[in-house]
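Below is one structure; the comments refer to it alone.
The values are calculated or read from the model by the stated rules, or taken from the named source; none is laboratory data. This one's a predicted model, so the numbers in the text were calculated from it and none came from an experiment. Here the Cβ positions follow ideal geometry from the backbone for every residue, glycine too, while neighbour counts run over all protein chains shown. To get the accessible areas, we keep the full protein, side chains included, count just its heavy atoms, and leave off ligands, DNA and RNA. Shrake-Rupley method; radii C 1.70, N 1.55, O 1.52, S 1.80 Å.
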Amino acid sequence: MSNIVKWNGLRLVVIPEDVSWELILGDKILIKASSLINDTALAYVNYGLSNGEDLLGKYIIYNITGKANSVNLTLSIKAYLNEPVLIPSIKLDSHLTGVIRGEGDVNTASLNANVFLDRVFGYTPYNWVKPAFIKAGELKDSVALGSFGMFIDSRDMNSVITSALEPRAPQLLKITPGSVGFKAVLGLSGTIKELPGGFTLSSLVVYGNRPNEALYRWGRWIRAIYGRVKTSIEANINYLNSLQYWTDTGGMYWYRTLPGMNYAQTMLEIKRYMDDNGIGVKYYQVDSWWYPKNPEDGGALEYHEVPELGSDLGSLSRVLGPIISLHIRYPSRTSPYAQRYPSRVVKNATCITQPEDYFNDLVKSLKDKGVYSIKHDWLTTLRQRCSEVYMSEVGALERYLDALFNAAEKYSMLIELCMPDLYHYFIGAKHNSALMIRTSPDYGSSTPKHLLLYYNAYDSMLAIQLGYAPFFDVMVTTDHHAYADLLARVLFFSAVGIGDAIDKDPYWRRGVNVNLLRRFLTPEWIVLRPDEPAKLTDEMFINDPYTEPVPLTALTHVRDIMVIALFNVHRDLDQVCYTLEPSKLGLPKGSVLLRVNTMTTHEGKVEGCVRKAEPHLILAFDDSSKPRIIGLTKYALMPASVSKINEEYSGSLYKATLTLTEPGEALVYSPSKPISVKVNGIPVNYDYNEASKLLLINIKYTEATLELTLPSA
């Protein structure tokens, strides 16, 4: 009977008599773990193992039966053989009465571990969720994080991720200083009153040689376990790539109308302005101003149109098109829903206790009014005000949101989550109707725009892996930070929702910056994206760009061209500097680094300093000896303007068959000045810069064959 599972140099060792297990890399223990019941460790009773196979692969399950606080239970460690993935779980044989404490006092856990790594990257548990960076030796007291933690060896970057699995909420990760590394306890919130016999608490543990390897492996596995076949980005890319107009906080028409007009008239004027100026807005969002609220507790009274709307949603949708992210929130304590559906009324809210009928009726009524998607806002407030209902009984918080997602799926609608705690990130991860999750405070808040970008970039790393599209909130195209905001939205696959004032508004800054939008959207008003969402570099999980003098650095690619974006999100510094080398980007020696803002090329390394609101975009590709089509210069993300390309090299002749988003000036890297340049067989004029080795050619066709004849070597 083997108690060891091996994945190359990594191995799992199960120690039955100690009711524990270890993850060991070479001769170094990374993590030594057991479980916890009401702060009590398990006493050993028996042990066995079994083999099996499911849709995810072959596995071994180690079952250690034990006892704690007079409760019999089983600690299981399920180890998959194809990848270093573990599912530790505890299953209760009988009822357990909880030890009620504060929410962050985790005392029943499937993972009670000593972690011998020197860094923790995680997220704060409550809205607005933000990244947390912890160094061994600097942590003095315990801290509660959301139910995701990445433990990293800062020297060689080996990484172990631990996260909640089931139930998806409410689980937390409590981190305490250890003599070496950290003590980590991942389990249920201390507010849970009792657990029934047969209850199972589980977590997911994943290893990676580097942070991104661990993160992407964790994402693939948790989505597979939850049954997500497609991410929202994959399933809803046409929606995400459409231009949208938003009226939430930060948009110019959030609780504000044009002079002398009601909301409906204002929305129609916005559409008139967009149409008159050829701005291809496909969807319009309606925020919380459409329904009545109780001014005493801020809760929704009932979801019907207020007179100030001046119309009904159905009539509005027939003119504007399907309404997106229609706003809903927690019900007021005086809401008639308290009598209509099983509920518990607390001081400042109605807590729906059987939400299935409530959401079925609500979603159906909104579907009938021409609504495409719904935004459930104020989720953290609902959790706080209804904590006696949703945070004391295991499964209650999940049941509430599951009912919303299930109703949306039933009626072919989509859901956005707003003001989420980390609990909510995990709850929605199972559902195909989960469209987006807000990843930053309100655009219209006092939070500086560079700090909003920081929140968005980091929170999107978690959101994307859990299957959501991140949403960076509305933006105003005439704001000083607009280029950086729009670039980030494009790279991280957030929807682009603008909220500018229009021509009839007396506000001094009115009109949409069409020139800015056209740098990122095609003539058909489709957002030009990279091939996949950007990811933060591995170093971004140990170096905090908000407090350390480093730029926030993200990578993605278009075809075989790497795209590197560097943003200054530092708390205080007006500029932060960088040095990029091909070898550190995984590129071979001799690769070319093209800095777009200066239109210069570099081999070996590129250095620069980034100011706030002025991100640097660098394009990198290997083999400096061959020509390379970059793209149309009018676009910020030039390579994305080439939708198809077929390249041929034959001696001194380079030939590329192209499909472009539109005719225009194209940028080409050429190692030497061409003898001739032809487009569709016809010689054309061109400009060549000897220093940068960049070639500019005006291509008058969307379908073109480009031929460069180069000097013989």
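For this structure, a couple of remarks:
- Of all residues in the range 120-129, those satisfying the criterion of being surrounded by fewer than 21 Cβ atoms within 10 Å (Cβ to Cβ) and either in a strand (DSSP E or B) or among the hydroxyl-bearing types (Ser, Thr, Tyr) (or both) are Thr124, Tyr126.
- For the range 30-50, the set of residues classified as in contact with a Leu (Cβ under 9 Å, 6 or more places away or on another chain) and surrounded by fewer than 16 Cβ atoms within 10 Å (Cβ to Cβ) consists of Asn38 only.
- Residues that are surrounded by 20 or more Cβ atoms within 10 Å (Cβ to Cβ) and either at pLDDT below 95 or more than 29 Å from Leu487 (Cα to Cα) (or both) within the range 651-675 comprise Tyr654, Pro674, listed in sequence order.
- Hits in the range 555-577 - residues which are out of contact with any helix residue (DSSP H, G or I) (no Cβ under 8 Å at 6 or more places or on another chain) and open to solvent by less than 10 Å² (accessible area, probe 1.4 Å): Leu566, Val576
- For the range 639-650, the condition of being of a type in the set (Phe, Trp, Tyr) and open to solvent by 30 Å² or more (accessible area, probe 1.4 Å) holds for at least one residue.
- When every residue of the range 310-318 is checked against the conditions, none turns out to be open to solvent by 40 Å² or more (accessible area, probe 1.4 Å), part of a helix (DSSP H, G or I), at pLDDT 95 or above and acidic (Asp, Glu).
- Exactly one residue out of Ala79, Ala132, Ala109 is out of contact with any Gly (no Cβ under 9 Å at 6 or more places or on another chain) and either crowded, with 18+ Cβ neighbours inside 10 Å or within 28 Å of Lys28 (Cα to Cα) (or both): that is Ala79.
- Of the strands (runs of 3 or more DSSP E) lying entirely inside the range 342-449, the ones with 1 or more residues being open to solvent by less than 10 Å² (accessible area, probe 1.4 Å) are found at 349-352, 373-376, 414-417, 434-438.
- Output for the range 690-704, where each listed residue is more than 16 Å from Val642 (Cβ to Cβ) and surrounded by fewer than 13 Cβ atoms within 10 Å (Cβ to Cβ): Glu690, Ala691
- The residues of the range 178-206 that are aromatic (Phe, Trp, Tyr) and open to solvent by 10 Å² or more (accessible area, probe 1.4 Å) amount to a single one, Phe199.
- Taking the numbered list (1) without any contact (Cβ under 8 Å) to a residue 12 or more places away in the chain; (2) in contact with a Lys or Arg (Cβ under 7 Å, 6 or more places away or on another chain) in turn, Leu243 passes all entries but (1).
- Pairs meeting the criteria (first residue in the range 1-29 and open to solvent by 10 Å² or more (accessible area, probe 1.4 Å), second residue acidic (Asp, Glu), beta carbons under 8 Å, at least 6 apart or on different chains) are Trp7/Glu83; Val13/Glu22; Ile15/Glu22; Ile29/Glu22.
- For the range 262-284, the criterion of being of a type in the set (Val, Ile, Thr) and under 19 Å from Asp377 (Cα atoms) is satisfied by no residue at all.
- Within this structure, Leu552 fails the test of being crowded, with 17+ Cβ neighbours inside 10 Å, at pLDDT 95 or above and over 26 Å from the mean Cα position of the chain (by Cα).
- Checklist (1) under 12 Å from Leu243 (Cβ atoms); (2) open to solvent by less than 30 Å² (accessible area, probe 1.4 Å); (3) of a type in the set (D, E, K, R) applied to Glu524, failing item: (2)
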